[in-house]
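Shown next, in structure tokens, is the structure this report addresses.
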Amino acid sequence: IADPGPYLQNPSDQFDIFLTALNAFELFIAPSLGIDLGLSSLRMFRLFRLLTRIQTFVSLLETITKSAPQALASVVLTFIVIFIFAAVGTRMFTYVKAGEELDTTFNNFSTFLKSLIAMFRVSSGANWSTVLAEAGIGEPYCTPQYWTPVDVAGDEFVKAGEWDMARLQPFGTWSNGDVFGAAGAISDCGIGVGAFAFFLLFVFINNYIILPTFVASIISSYFEANLKEHSLVSKDELLKFRDSWLEVMSSVKGGDAGTMRLERNPDKGQREKHPYVFDRFDNLLSILEMQGCRLGFSKVAAPEKYKSAIARLKSKAPADGQAIKIQYRQMAVMLLSIAEKARPVTIVDILRRKQAMALLKAEGMKAQARRQKQEVGKLHAAVNLPREDDKKKSGLLSPEDITYSYNVYVVLDQLSRVEKEGDRISEEEHEGLKKLCLQNNEDLFVYFEEYVEKSGPVFQNKQNEAYKAFIRFGRRAKDVYARSPEGNKKKKKAQVQEEPEEEE
């Protein structure tokens, strides 16, 4: 009561006020006027307020609301098509003989209004094939075209020798008005080929062009309505990111405010170690963190995230050594992927991640089968840990010896013992990848999730698809280690050791 503004601005509350006013009118005013409108039954619509608390129903309401403009456009287009065909049908099938569907009441083409009703029934698919057959009726099931020449003015029959002066007109009518005024003859036969062309064209336009467009608009609106539910970031956080971006870019004079430029380090002495200046990026992170946006973080409190962000920004550096240019949307996607510790940000990738997590959960809940004998050389995938006798075994593993575990350490151990040397990871890579696991390296875990999806029991029986996924993960793990700081150090150290040998 103290602040009625928010209450009056809420659409559901406005609807509730409207229903309350109608009930008050029926209780206090309508009896004095001697009328009974039955408005009290409208109170049942208040049940919709309960349904607004269910997310599924809310998504459905948003779908209906968003699809309303496009659906209305489809309805208008449908009415225009019906209007055109009704006008043509009135001219073509005015005197067609009444039948099972084309009756003498409303479903016929005798007038334009009745033609609209008939075409609307055809658009709904109500026995339209019967309407087509009756509109194309021919002899001997109808009266053929005839004309009894009569002088309208004198009510006398015209001489037989002058009958040829009558002229046959299209659509089954005769006209002799140029000689005998309005006298003429009609036929209740249809137009065979014309009826088929008329109705088939209408059904094709309505059922295969307009109706799919209507359904597509609803599906598109449903996708947009469910986008919020599957989105990794809320609308409020995106607005905070937008405001923070504009605040940082407000100091830039000229240029595009939607693109951030990270210039080269002017100090040539520090350029080798710090090739670019990331002051604007640091300011953006600070502002995002102060506003409580999930996309922001502190480079002191979260050094791993900051290193990952800097590495991604450096990867966008042009080959000619010019400034790094990153657009507004690219920055938002990058920060979101770092915040979520995963690169995929689309709905499809989110559903794939959920599927992988569901698979992990399902495998973990399975009852463990009791085995009398364990196959030698295999790791125990069921509990995701190697057996004691497997730990002592140090031989190479053939494709038949691989156990498709859901423990990343077990998989890395097997990759270090693969029989084929080209697919095997070195001992140095093995140790480095285990450290990356402890550091929660996002690239490594994304690749591991893809391996988990393709290594289940179903894929183990499909042309060795599981083994291919196993080897593919090993190659990608090598690339992750090569891009890591430790891998870069090893690579530079190896290059330094090779240079003196070349000089000698």
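A protection proxy built from the mean count of other Cβ atoms within 10 Å ranks the segments 240-248, 67-75, most packed first, as 240-248, 67-75. With K and R counted +1 and D and E -1, the other residues having a Cβ less than 11 Å from that of Ser244 yield a net charge of -2.
Computed with a 1.4 Å probe on the full set of protein chains, the accessible area for Arg91 sits at about 140 Å². Quick check on region 5-53: take the gyration tensor over C-alpha atoms, sort the square-rooted eigenvalues as a ≥ b ≥ c, and tell me if it's rounded (a/c under 1.5), prolate or oblate. Since a/c reaches 1.5 but b/c is at least a/b, the shape of region 5-53 is classed as oblate. The largest accessible area among Thr105, Thr56, Thr403 belongs to the first residue in Thr56, Thr105, Thr403, and the rest follow in falling order (1.4 Å probe, all chains). Measuring against 19 Å, Cα to Cα, the residue pairs Lys435/Lys468; Lys268/Lys299; Lys273/Lys490; Lys253/Lys299; Lys66/Lys235 contain Lys435/Lys468; Lys268/Lys299; Lys253/Lys299 as the ones spanning a longer distance.
Note that region 407-484, at 4 °C in a medium of 1.567 mPa s, gets a Stokes-Einstein diffusion coefficient of 103 µm²/s from its Kirkwood radius over C-alpha pairs.
For region 235-343, dividing the convex hull volume of the Cα atoms by the residue count gives 113 Å³ per residue. Phe112 exposes around 80 Å² of accessible area when a 1.4 Å probe is run over every protein chain in place. Heavy-atom accessible area for Asp479, with the other protein chains in place and a 1.4 Å probe, reaches approximately 80 Å².
The values are calculated or read from the model by the stated rules, or taken from the named source; none is laboratory data. What you are looking at is a predicted structure, and each value in this text was computed from that prediction instead of being measured. For neighbour counting, all protein chains shown are included, and Cβ atoms are generated from backbone atoms with ideal geometry for every residue, glycine included. Protein only, heavy atoms only, side chains kept; ligands, DNA and RNA dropped before computing areas. Shrake-Rupley method; radii C 1.70, N 1.55, O 1.52, S 1.80 Å.
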